[in-house]
1. Could you put Thr9, Thr21 in order, starting from the residue whose Cβ has the fewest other Cβ atoms within 10 Å?
2. For helix 54-66, report the angle its Cα long axis makes with the longest principal axis of the Cα atoms of the chain; keep it between 0 and 90° and round to the nearest 10°.
3. Could you list the chymotrypsin sites (Phe, Trp or Tyr not before Pro) in the chain that lie in coil according to DSSP, counting only those with at most 14 other Cβ atoms within 10 Å of their Cβ?
4. Note down the magnitude of the dipole of the chain about its Cα centre, charges +1 on Lys and Arg C-beta and -1 on Asp and Glu C-beta and zero elsewhere, to the nearest 20 debye.
5. 7 Å from Cα along Cα→Cβ at both Ile63 and Asn36: what's the point-to-point distance in nm?
6. In percent, how large is the relative contact order of the chain, given Cα pairs closer than 8 Å and 6 or more residues apart?
7. At q = 0.18, 0.24 Å⁻¹, what log₁₀ I(q)/I(0) does the chain have when each alpha carbon counts as one equal point scatterer in the Debye sum?
Amino acid sequence: MKESIILTTNTSTISTTEIGTTTKYPNGFIAMHCFNPVHRMKLIEIIRGMDTSDETVEVIKFIADKME
């Protein structure tokens, strides 16, 4: 990715694509939702927007995998 900026949100009420289009780098915008209770549920939902790059998804998957 040319730009090295990744922005995430955990909102489920506004579309990831909609929020991403308001940023300067929609290709680096993605949503991550941790399930509750976080310390017991080792599950993270990753939602890409229409403009989210594959590279952004891979970086977020890597980060999510490292979260314990």
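1. Sorted ascending by nearby Cβ count, the order is Thr21, Thr9.
2. Tilt of helix 54-66: around 20 degrees.
3. Loop-located and lightly packed - Phe35.
4. Using Cβ point charges on Lys, Arg, Asp and Glu, the chain gives about 180 debye.
5. The answer from the label model is 2.2 nm.
6. Details: 96 pairs, mean separation 21.3, N = 68.
Computed value for the chain: 31 percent relative contact order.
7. So the normalised log intensities work out to -0.64, -1.01.
We did not get these values from a lab; they are worked out from the coordinates using the rules stated. The structure displayed is predicted, hence computed values, not measured ones. Please note: Cβ atoms are built from the backbone with ideal geometry, for glycine as well, and neighbour counts cover all protein chains shown.
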